[in-house]
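First up is the structure itself, then whatever we jot down about it.
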Number of protein chains: 2
Amino acid sequence: MSTAEETAGGEVEPWEEVTPDAARRLLVAAVEAFAERGYHATTTRDIAGRAGMSPAALYIHYKTKEELLHRISRIGHDKALDILRTAARREGTATERLADAVSSFVRWHAGRRTTARVVQYELEALGPDARAEILDLRRQVDAEVRGIIQEGVAAGEFDVIDVHGTTLAVLSLCIDVARWFNVNGPRTPEEVGALYADLVLRMVGAK
Amino acid sequence: MSTAEETAGGEVEPWEEVTPDAARRLLVAAVEAFAERGYHATTTRDIAGRAGMSPAALYIHYKTKEELLHRISRIGHDKALDILRTAARREGTATERLADAVSSFVRWHAGRRTTARVVQYELEALGPDARAEILDLRRQVDAEVRGIIQEGVAAGEFDVIDVHGTTLAVLSLCIDVARWFNVNGPRTPEEVGALYADLVLRMVGAK
DNA sequence: GGGCACACTAAGCGCTCGCTCAGCTTCGGC
DNA sequence: GCCGAAGCTGAGCGAGCGCTTAGTGTGCCC
């Protein structure tokens, strides 16, 4: 059902770093279930069933249901941060790099919507230690976007009064794509990415 | 704890239309609990406890836990729609009305964050009938914002290529405030509302 | 001041949850 | 061909869930 979505954009097949195979199948099943119904409404029996295994098999590969969420969240945040870093550190003007960052970040949130939903909206189900680890990654995400905007302002490319507030708004806009994007809707991830890159350049007053 | 937040902005005390008193206390307790932990992670014992009552008392005023969520969602959406309609139908240019709509809509999502969180993020916990009713209200919310933007384009005030896509982005931006806004953070709801009105006018290319 | 409607509680029912454990199968090493 | 490790299952434990029911206290009407 979501196989087509998960491989959209011609990206490398996700979760390939998760081994062995049974652990990956359980993790993919958990992503789908958490995205559909939320972490608390998902049962371990449901996850195991989607992976074609008995409920007890889950506990051979993961200590608890929360460890599954933690692993998903960690891998997802690493990927999101990687996307932004790649865009932020390429050659080009701040305008080009911001457009690139926004369009690729949005493409990921739309094209890999199930994963992004879990990553962005189930944070509060994590325990204190795991949550702190993920929040640190989020601060790095924030810093990447803020960096591009600051450089654009310094170079005279952008016209922004409140850099911190605008950064927050830009990230919020991109992240919320995971909430409303519909795989069967009229827009492709690429179209939304292009629209959002244009909107964000307007927000920062790019020339 | 959240009393100050709930009355922020000098608005009329919310939930006053819910009677009798015990039913209102239960509903307010449910809003706080759902916002903190999510619908599925909240127990009826927790809601009743916050309202200073026994678990059984809940079922004198509400048929099920879901009815509580439905009532909260309905009242919240009615309020959100009312805010947008008031801004959309006042006197003034499309630019003035869009700025007014965004700033008041954002003030509500920031100042009444607990309510807005439940209203905007717990929709999928509702059953099919209740969900359909709420989705209809959301379409009306969408139509109000789209109407202002269309009028602005027709009047030559705005420069927008994709009206539907931009409407979606504007609403998404405002709604997501409920996810990240922190009552103890550096910004007041008024400041966020003003910043966002400016950002949205830039997004639609207002002169 | 007796009776009754109403708001509420204490106790608990049936169920499903996350998780455990004893035992079965499979397979590589020798 | 035997053995132990690894992967997995069927059965089920203790806990906590949403919700019900029998009974209690309170205040209003006549």
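For segment A:61-68, state whether one or more residues are more than 14 Å from every other protein chain (Cβ to nearest Cβ), open to solvent by 40 Å² or more (accessible area, probe 1.4 Å), in contact with a helix residue (DSSP H, G or I) (Cβ under 8 Å, 6 or more places away or on another chain) and away from DNA strand C (no atom under 11 Å from the Cβ).
From segment A:61-68, those more than 14 Å from every other protein chain (Cβ to nearest Cβ) are A:61-64, A:67-68; that's our starting set.
In the following step, the residues that additionally are open to solvent by 40 Å² or more (accessible area, probe 1.4 Å) were identified as A:61, A:63-64, A:67.
In the following step, the residues that additionally are in contact with a helix residue (DSSP H, G or I) (Cβ under 8 Å, 6 or more places away or on another chain) were identified as A:61.
Cutting the leftovers down to away from DNA strand C (no atom under 11 Å from the Cβ) gives us A:61.
Yes, because at least one residue in segment A:61-68 is more than 14 Å from every other protein chain (Cβ to nearest Cβ), open to solvent by 40 Å² or more (accessible area, probe 1.4 Å), in contact with a helix residue (DSSP H, G or I) (Cβ under 8 Å, 6 or more places away or on another chain) and away from DNA strand C (no atom under 11 Å from the Cβ).
Can you name the residue in segment A:37-56 that is outside any loop (DSSP other than H, G, I, E, B) and buried (at least 16 other Cβ atoms within 10 Å of the Cβ) and, of all such residues, is nearest to DNA strand C (Cβ to nearest atom)? Let's see the steps before the verdict.
Just the residues of segment A:37-56 that are outside any loop (DSSP other than H, G, I, E, B), to begin with: A:37, A:44-50, A:55-56.
Next cut, buried (at least 16 other Cβ atoms within 10 Å of the Cβ) only: A:44, A:46-48, A:50.
Details: A:T44: 4, A:D46: 7, A:I47: 8, A:A48: 9, A:R50: 13 Å.
Result: A:T44.
If I go through segment A:168-207 residue by residue, how many of them are part of a loop (DSSP other than H, G, I, E, B), away from chain B (no Cβ under 11 Å), under 25 Å from B:D159 (Cβ atoms) and not hydroxyl-bearing (S, T, Y)?
Of segment A:168-207, the ones part of a loop (DSSP other than H, G, I, E, B) are A:176, A:181-188, A:204-207.
Those still in the list that are away from chain B (no Cβ under 11 Å) too: A:183-184, A:188, A:207.
Next cut, under 25 Å from B:D159 (Cβ atoms) only: A:188, A:207.
The next check asks that each one be not hydroxyl-bearing (S, T, Y); those that pass are A:207.
Going through segment A:168-207 one residue at a time, the tally reaches 1.
Please go through (1) part of a helix (DSSP H, G or I); (2) open to solvent by 10 Å² or more (accessible area, probe 1.4 Å) for B:V118 and return the number of the only condition it doesn't satisfy.
(2)
Pick from A:A80, A:A132, A:A143, A:A110: which is of a type outside the set (K, R) and open to solvent by 50 Å² or more (accessible area, probe 1.4 Å)?
A:A132
Which one of these is closer than 27 Å to A:H109 by Cα and buried (at least 22 other Cβ atoms within 10 Å of the Cβ): B:G205, B:G185, B:G193? Walk me through it before giving the result.
On the way: B:G205 fails: buried (at least 22 other Cβ atoms within 10 Å of the Cβ); B:G185 fails: buried (at least 22 other Cβ atoms within 10 Å of the Cβ).
Matching residue, one of B:G205, B:G185, B:G193: B:G193.
Has segment A:146-167 got any residue that is more than 14 Å from chain B (Cβ to nearest Cβ) and either closer than 30 Å to A:T42 by Cβ or within 12 Å of the chain's Cα centre (by Cα) (or both)?
Within segment A:146-167, none of the residues are more than 14 Å from chain B (Cβ to nearest Cβ) and either closer than 30 Å to A:T42 by Cβ or within 12 Å of the chain's Cα centre (by Cα) (or both).
I need a count of the residues in segment B:146-158 that are open to solvent by 20 Å² or more (accessible area, probe 1.4 Å), touching a residue at least 40 places away in the same chain (Cβ under 8 Å) and outside any helix (DSSP H, G or I).
So the count comes out to 2.
For segment B:28-60, enumerate the residues that are more than 10 Å from DNA strand D (Cβ to nearest atom), closer than 24 Å to A:L126 by Cβ and away from every other protein chain (no Cβ under 14 Å).
B:A30, B:V31, B:E32, B:R50, listed by residue number.
So A:L137 fits all but one of (1) within 14 Å of chain B (Cβ to nearest Cβ); (2) open to solvent by less than 40 Å² (accessible area, probe 1.4 Å); what number is the exception?
(1)
Please determine, by comparing only the residues of segment A:83-102 that are open to solvent by 20 Å² or more (accessible area, probe 1.4 Å) and in a helix (DSSP H, G or I), which one is nearest to A:V163 (Cα to Cα). Don't jump to the end; show me each part of the working.
Pass one, segment A:83-102, residues open to solvent by 20 Å² or more (accessible area, probe 1.4 Å): A:83, A:85-86, A:89-93, A:95-97, A:99-100.
Narrowing the set further to residues that are in a helix (DSSP H, G or I) leaves A:83, A:85-86, A:95-97, A:99-100.
Values: A:I83: 21, A:R85: 19, A:T86: 21, A:T95: 15, A:E96: 18, A:R97: 16, A:A99: 17, A:D100: 19 Å.
Selected residue: A:T95.
The values are calculated or read from the model by the stated rules, or taken from the named source; none is laboratory data. Quick caveat, the model's predicted, so the values are computed rather than measured. Quick reminder, even Gly has a Cβ in these numbers, built from the backbone with ideal geometry, and neighbours come from all protein chains shown. These area figures cover heavy atoms from the full protein model, side chains too; ligands, DNA and RNA do not enter into them. Shrake-Rupley method; radii C 1.70, N 1.55, O 1.52, S 1.80 Å.
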